[in-house]
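A.B. asks: First, the structure itself, so that you have it in front of you.
The values are calculated or read from the model by the stated rules, or taken from the named source; none is laboratory data. Keep in mind that this is a model prediction, so the values were computed, not measured. When we count neighbours, we look across all protein chains shown, and the Cβ atoms used for this are built from the backbone with ideal geometry, even at glycine.
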Amino acid sequence: MFDYDSELARYHERLLEALDIRPGDRVLDIGCGTGLTTRDAARAASPGSALGIDVSGPMLARARRQAETEGLRNVDFVQGDAQAHPFPAEYFSLGVSRFGTMFFSDPVVAFANIGRSLRPGARFVQLVWQAADQQEWHTAIRAALAGEHASSASATAADDPFTLADPDVVAEALTSADFAAVDVVDVREPVRYGPDADHARAAVLQLRMAREWLADLDAGSAERALDRLSATLDAHDTGDGVWFDSRAWLVSAHRR
């Protein structure tokens with residue numbers, strides 16, 4: 001399983017700062033993955049609580065195990081699609097998502113459903129990726145693995161991480177879903193793919209985009225692509241991890 005928590009550690013810190021969680025908050029974490037944001041929110045919100053939702057059963061299983069290991073009693077996880085899940089109405093005082101909102105089939109419907117679960121005036125804070133050409137992790141790995149086909153290699157609608165890359169699109173979707181005071185801030189942080197090039201290669205090859213790009217190649221082309229990948233990762237090995245540049249939007253809004 002790819003370690004998104006390690007990859008996004010710098011963004012995680014920025015997100016927690018922006019959330020400003022208060023004791024007694026009830027936090028809803030959208031696309032929680034293995035639950036790091038949810039667990040940190042639960043600690044900060046105590047005696048309040050945090051609920052994480054994600055579509056991935058294996059990730060949620062890890063989230064639950066880790067919460068138990070950490071002795072957290074005010075955190076829970078549910079498997080489901082936040083676009084349609086029947087959350088309790090006006091229950092949560094804060095909504096959050098760390099790169100978990102870009103995959104909704106209808107962002108307006110999803111944001112409206114999330115909004116109904118928030119108390120009037122509650123904040124919804126999310127991180128979303130900026131455009132693909134602003135992501136060195138994407139362009140460098142794509143160039144290595146897709147090679148001469150890199151310009152035509154793209155994600156399908158179901159797994160495209162850049163659907164909310166246009167801040168006007170995000171703001172319009174949130175406004176249409178009955179949110180107000182939308183604020184979009186440019187955030188630039190590096191992402192980490194492993195402690196060294198070998199670990200980074202193993203991590204990259206767990207990613208769906210990498211597997212799909214390699215699947216389009218014949219055996220010889222795939223071998224050359226893997227050699228290019230190793231060279232790319234070696235070039236980004238700082239001695240303190242393999243790092244790539246990236247840019248995101250930190251988006252906040254208030255439920256009307």
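A.B. asks: I'm trying to understand the selection: among the residues of segment 138-161, which are under 30 Å from VAL109 (Cβ atoms), at pLDDT below 75 and either in a helix (DSSP H, G or I) or of a type in the set (Asp, Glu) (or both)?
C.D. replies: Within segment 138-161, ALA157, ALA158, ASP159 meet the criteria.
A.B. asks: Can you tell me which residues in segment 57-108 are within 23 Å of ARG255 (Cβ to Cβ), hydrophobic (A, V, I, L, M, F, W, C) and assigned to a helix (DSSP H, G or I)?
C.D. replies: VAL108
A.B. asks: Would you confirm whether any residue within segment 206-213 is under 17 Å from the mean Cα position of the chain (by Cα), closer than 21 Å to TRP137 by Cα and free of Cβ contacts under 8 Å to residues at least 60 places away in the same chain?
C.D. replies: Within segment 206-213 (the criterion being under 17 Å from the mean Cα position of the chain (by Cα), closer than 21 Å to TRP137 by Cα and free of Cβ contacts under 8 Å to residues at least 60 places away in the same chain), the answer is yes, since at least one residue qualifies.
A.B. asks: Output the residue which, of all residues in segment 113-137 that are among the hydrophobic types (A, V, I, L, M, F, W, C) and part of a helix (DSSP H, G or I), is surrounded by the fewest Cβ atoms within 10 Å (Cβ to Cβ).
C.D. replies: Here the residue is ALA132.
A.B. asks: A further question on this structure: Do any residues in segment 88-102 that are at pLDDT 95 or above have Cβ atoms under 6 Å from those of residues that are part of a loop (DSSP other than H, G, I, E, B) and small (Gly, Ala, Ser), where the two are at least six apart or on different chains, and which pairs are they?
C.D. replies: As it stands, the answer is SER97/GLY31; GLY100/GLY31, since those pairs meet every condition given.
A.B. asks: Tell me whether segment 233-255 contains one or more residues that are over 20 Å from the mean Cα position of the chain (by Cα), of a type in the set (S, T, N, Q), more than 28 Å from GLY95 (Cα to Cα) and surrounded by fewer than 16 Cβ atoms within 10 Å (Cβ to Cβ).
C.D. replies: So far as segment 233-255 goes, yes, one or more of its residues are over 20 Å from the mean Cα position of the chain (by Cα), of a type in the set (S, T, N, Q), more than 28 Å from GLY95 (Cα to Cα) and surrounded by fewer than 16 Cβ atoms within 10 Å (Cβ to Cβ).
A.B. asks: Let me ask another. Out of ALA177, ALA173, ALA200, which single residue is closer than 18 Å to GLN126 by Cα, hydrophobic (A, V, I, L, M, F, W, C), surrounded by 20 or more Cβ atoms within 10 Å (Cβ to Cβ) and within 20 Å of the chain's Cα centre (by Cα)?
C.D. replies: From the options ALA177, ALA173, ALA200, the qualifying one is ALA173.
A.B. asks: Hey, any hits in segment 36-55 for a residue that's in a loop (DSSP other than H, G, I, E, B), within 17 Å of the chain's Cα centre (by Cα) and in contact (Cβ under 8 Å) with a residue 12 or more places away in the chain?
C.D. replies: Yes, segment 36-55 contains a residue that is in a loop (DSSP other than H, G, I, E, B), within 17 Å of the chain's Cα centre (by Cα) and in contact (Cβ under 8 Å) with a residue 12 or more places away in the chain.
A.B. asks: If a residue must be of a type in the set (D, E, K, R) and more than 16 Å from PHE244 (Cα to Cα), how many such residues does segment 171-224 contain?
C.D. replies: 11
A.B. asks: Mind listing whichever residues of segment 1-35 are charged (D, E, K, R) and either touching a strand residue (DSSP E or B) at 6+ places or on another chain (Cβ under 9 Å) or not in a helix (DSSP H, G or I) (or both)?
C.D. replies: Result: ASP3, GLU7, ARG10, ARG14, ASP20, ARG22, ASP25, ARG26, ASP29.
A.B. asks: Same structure again: Could you check, for segment 5-24, whether at least one of its residues is at positive phi, buried (at least 16 other Cβ atoms within 10 Å of the Cβ) and either in contact with a Phe, Trp or Tyr (Cβ under 7 Å, 6 or more places away or on another chain) or touching a residue at least 40 places away in the same chain (Cβ under 8 Å) (or both)?
C.D. replies: no
A.B. asks: Return yes when VAL109 is touching a helix residue (DSSP H, G or I) at 6+ places or on another chain (Cβ under 6 Å), aliphatic (A, V, I, L, M) and surrounded by 14 or more Cβ atoms within 10 Å (Cβ to Cβ) and no when it is not.
C.D. replies: no
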